[in-house]
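Beneath this line is the structure, given in structure tokens, with notes to follow.
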Amino acid sequence: MMQVTEGKLPEKAQAEIKPTLLAQGYFLACVCYPEHDIVVTLPEKGMGQIVGKVSSIQLLNADILGIRIKPLHAFEYKAGQFINFYKDETTVRSYSLASVPSLDDELCLNVRKIPGGLVSEWIFENLKAGDSVTISEAAGDCFYVPGNTEQNILLIGTGSGLAPLYGIIRDALLNGHTGQIRLYHGSYNSAGLYLVAELRKLVQLHANFSYVPCLSEEAATDGYAQGMVLDVALRDNPNLAGWRIFLCGNPNMVNAAKRETYLSGAAINDIFADPF
Ligand SMILES: Cc1cc2nc3c(=O)[nH]c(=O)nc-3n(C[C@H](O)[C@H](O)[C@H](O)COP(=O)(O)OP(=O)(O)OC[C@H]3O[C@@H](n4cnc5c(N)ncnc54)[C@H](O)[C@@H]3O)c2cc1C
């Protein structure tokens with residue numbers, strides 16, 4: 001797979017490619033017979049480094065930190081993509097973008113504290129507003145592609161997997177998506193959830209958006225569902241033929257969800273996932 005930076009590709013070079021890759025100009029070099037001059041690059045060349053300034057940090061729950069970063073240079077991205085965060089030259093971790101380019105002035109990250117984690121613990125203990133940070137340009141193909149606005153969308157996430165989903169949902173609503181947009185966010189208990197008030201507000205504003213927080217190890221009260229997030233989502237939505245699916249968070253959940261949503265009818269090219 002290569003990426004075009006200038007010029008028009010022949011259609012055949014992008015046939016069968018996921019819409020998110022298509023939107024970024026990816027194509028299959030082996031079937032590309034250019035009809036005009038084009039300029040191409042290898043995909044990994046796109047991950048240049050830039051400097052940003054931390055504008056604010058706040059706890060979203062006991063284990064998840066919301067970090068806002070103002071890039072010091074023009075920064076293009078799509079909600080739901082991720083950046084690489086450089087603790088130092090050789091210690092790098094990826095974090096998803098919860099922000100939406102046309103709604104948010106800053107890049108928003110949701111970082112979960114992993115006990116003993118080299119970068120996440122360092123961020124919790126050391127990073128503060130005003131600090132300069134080095135990050136990469138955005139990458140990844142888990143984002144909303146405008147169009148097909150009547151298609152139903154199912155989003156399933158655990159823990160900080162909500163970060164990309166929160167961006168994707170707001171981007172879809174901003175683009176006038178009219179199909180159902182159904183979010184299922186899973187946690188062991190209610191203390192592990194976050195952005196609950198913001199998501200409930202979005203539910204009030206948009207009749208086609210629903211939010212189901214799922215608790216796997218705590219009795220669910222009104223407004224919450226009891227059980228594993230994937231089980232709840234599939235029980236509520238047994239037929240996913242024609243749906244667009246976004247899956248983020250715990251790798252075991254994401255991998256099982258890829259399989260189960262496909263078996264429930266979703267097309268493989270309509271399933272977008274970031275396991276972490
Ligand atoms: C595309 C992508 C997007 C990501 N987006 C986010 C995001 O939005 N928010 C976020 O918090 N993280 C995200 N991650 C995960 C993040 O990149 C790091 O892996 C995570 O912060 C742990 O790094 P660390 O240096 O703190 O831990 P490390 O020092 O790398 O690991 C310490 C120990 O914790 C274990 N460990 C590592 N990760 C996890 C985990 N997720 N759960 C349980 N144990 C773990 C390791 O196996 C190791 O034993 C993303 C990862 C990818 C690939």
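What follows is calculated from the coordinates using simple rules that are stated; it is not laboratory data. Being a predicted model, the structure only gives us computed values, none of them experimental. Quick reminder, even Gly has a Cβ in these numbers, built from the backbone with ideal geometry, and neighbours come from all protein chains shown.
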With a ≥ b ≥ c from the Cα gyration tensor eigenvalues, square-rooted, and the rule rounded for a/c under 1.5, otherwise prolate when a/b > b/c and oblate otherwise, the chain is oblate
If W122, W243 are placed from fewest to most neighbouring beta carbons inside 10 Å, the sequence is W122, W243
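Counting Lys +1, Arg +1, Asp -1, Glu -1, what net charge surrounds L162 among other residues with beta carbon under 13 Å of its beta carbon?
Values: positive: R112, R170; negative: D63, E198, D274.
Combined, the nearby Lys, Arg, Asp and Glu give -1.
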Any chymotrypsin sites (Phe, Trp or Tyr not before Pro) in the stretch 123-192 that lie in a DSSP loop and have at most 16 other Cβ atoms within 10 Å would be Y188
Taking a ≥ b ≥ c as the square roots of the Cα gyration tensor eigenvalues, with a/c under 1.5 meaning rounded and otherwise prolate when a/b beats b/c or oblate if not, the stretch 155-201 comes out prolate
Sorted largest first, the C-alpha extents of the stretch 7-111 along its principal axes in whole angstrom are 53, 27, 23
Taking a ≥ b ≥ c as the square roots of the eigenvalues of the Cα gyration tensor, with a/c under 1.5 meaning rounded and otherwise prolate when a/b exceeds b/c and oblate if not, the stretch 143-276 is oblate
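Can you sort C248, C142, C30 by how many other beta carbons sit within 10 Å, fewest first?
Working: C248 30, C142 22, C30 8.
The fewest-first ordering by Cβ neighbours comes to C30, C142, C248.
For every other residue with a beta carbon closer than 15 angstrom to the beta carbon of E150, add +1 if it is Lys or Arg and -1 if Asp or Glu, then tell me the sum.
+1
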Note to self: C-alpha centroids of the stretch 170-240 and the stretch 253-276 sit apart, in Å, by 17 Å
Here the gain from full extension of Q204 to V92, 0.36 nm per residue of separation minus their alpha-carbon distance, amounts to 36.4 nm
Counting only DSSP loop positions in the stretch 1-52, the GluC sites (Glu not before Pro) whose Cβ has at most 16 other Cβ atoms within 10 Å are E16, E35
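What is the ratio of the Cα radius of gyration of the stretch 199-254 to 2.2 N^0.38 Å, where N is its residue count, to two decimals? Mind dumping the intermediate values first?
Details: Rg = 12.6 Å, N = 56, 2.2 N^0.38 = 10.2 Å.
Relative to the 2.2 N^0.38 Å estimate, the stretch 199-254 comes out at 1.24.
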The stretch 229-257 scanned against label point 7 Å out from A220 along Cα→C-beta; backbone N under 13 Å for 229-237
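At a threshold of 8 angstrom on Cα-Cα distance, excluding pairs fewer than six apart, so keeping six or more, what relative contact order does the stretch 22-125 reach in percent? Write out the running numbers ahead of the final one.
Values: 131 pairs, mean separation 21.1, N = 104.
In percent, rounded to a whole number, it is 20.
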XL table K18/K78; K18/K113; K70/K258; K53/K201; K53/K113; K18/K258; Cα-Cα > 23 Å flagged, in table order, is K18/K113; K70/K258; K53/K201
